Amino acid sequence: MKKAFRITLPDAVFIVLLLISGIILGLSSGGFIVNFKQFGFSIFSTLQKGVSTVSTFVTDKVESVQDMFTMKKEYAELKEKLKDYEYLQRNNVEIREENQKLKEQLNFSTSLEYKNLPAQIIGRDPNSLYSALTIDKGVKSGVKKGLPVIAIQDGNVGVVGKIVTVGMETSMIMPIYDTKCNISARIKTTRELGIVSGTGSEEKPLSMSYISKRSLGKIQNGDVVVTSGENGNYMRDIPIGSISNIQTLDYDSSLNLDIGPIIDFSRLEMVLIVDQTMGNDRIADSDTDSATEPNPDDSQGTDSEGAEQ
C-alpha cells in the first residue's frame, strides 16, 4: 500500500524561501518593471485609440447634422429670395404691360376728332360675361346718356356699346352683345349696309341682318364690319367685328351673318366715352404746343439777318 504524499514543514519553508529568492532576484534585475510598463502602455494606448475613434466619429456626426441644418436654412432663404425675385419680375412685366396699354390709349385718345373721356370698368356680373358694364365716370366727369363707348385693345379699335344710365360718379354701359343693342353698320369691303344686333349668346354674340343675297359671292368669312356713322349714334368706320359665318335662308331675301366682336370683353378694362358734339381739346393743345415751340432754324436765320444789318 502506497504512502500518501505529504509536504513537511521544512519542505514548505524551503519552497517559500525559493520563491521569495526568485522574486527578489527578478526585481533586482529590472525585468518585471520593464514588462509591467510595456503592458500598461499597451492597455492605455489601446483605450486612448478607442476613445479617440469614438470621439472623432461622434464629432463628425454632430458636424454633419449641423451642416445639414445650415444647408436647410440656406436653402429656405434662397427659396424666399427666389420668390421675391419672381414676384418683382412679374410686377415689372405687369407694369410694362400697363404702361404700354396706357400709352396706346393716350395716343389714340389724342388722335380722335371728338372729345373723349377715358374710364375704367369697375363692375360686371361675375356669373355672366355678357352683362352690363359699370364704369368709374359719371355726371361730374361730363358723361351723358346715349354717348357711344369704344376701346382700343392690342392695337385694334372697336365698339364697346353706349351709355344707358348715368350717376354722379358712375355710369352703366349697354354692350353691343346686349339683345337691346342695334347698330347701323356696313361691311367694310363691299360697303353693304345692314343692322348689327346683340344676341346675348356667348357662342354667337352678334348677328348682322338685311344684307342682300346678291352680295353672297362678294363677302366672305373674316370681312370686317364697321359702323356706318348714320343716325349720329356712332362715329363712322369704327370696327365692330368680323364675319364668322354666312347663313342663307330660302324663305328670306337677305343673308344672316354671324359676327365675332373685335373686342375681347373678358379682358376689357379701359374704355373711351366719345362726345361727338364737341371737338377734342387735346388736339388743340397739341397744335398750340407745336406752334409755340421755337424753331432752331428760325432763330438762326434771325440772328444772321441781325448780323448783316
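The values are calculated or read from the model by the stated rules, or taken from the named source; none is laboratory data. Because the structure is predicted, anything quoted here is derived from the model rather than measured. Note that each Cβ is placed from the backbone with ideal geometry, even for glycine, and that neighbours are counted across all protein chains shown. For accessibility, only protein heavy atoms count, side chains too; no ligands or nucleic acids. Shrake-Rupley method; radii C 1.70, N 1.55, O 1.52, S 1.80 Å.
Quick notes on this structure:
- Subset tally (residues that are free of Cβ contacts under 8 Å to residues at least 40 places away in the same chain and open to solvent by less than 50 Å² (accessible area, probe 1.4 Å)) for the stretch 204-223: 3
- Of the residues making up the stretch 205-255, just one is among the aromatic types (Phe, Trp, Tyr), outside any strand (DSSP E or B) and more than 23 Å from PHE265 (Cβ to Cβ), namely TYR251.
- Taken over the stretch 165-198, the residue count meeting the criterion of being touching a residue at least 12 places away in the same chain (Cβ under 8 Å) and farther than 27 Å from GLN120 by Cα is 9.
- Condition check for SER201: touching a residue at least 12 places away in the same chain (Cβ under 8 Å), part of a strand (DSSP E or B) and hydroxyl-bearing (Ser, Thr, Tyr): no
- Selection from the stretch 259-274 of residues that are open to solvent by 10 Å² or more (accessible area, probe 1.4 Å) and part of a strand (DSSP E or B): GLY260, PRO261, MET270
- Elements of type strands (runs of 3 or more DSSP E) in the stretch 70-174, at least 3 residues being open to solvent by 40 Å² or more (accessible area, probe 1.4 Å) and modelled with pLDDT of 85 or more: 114-123, 156-166
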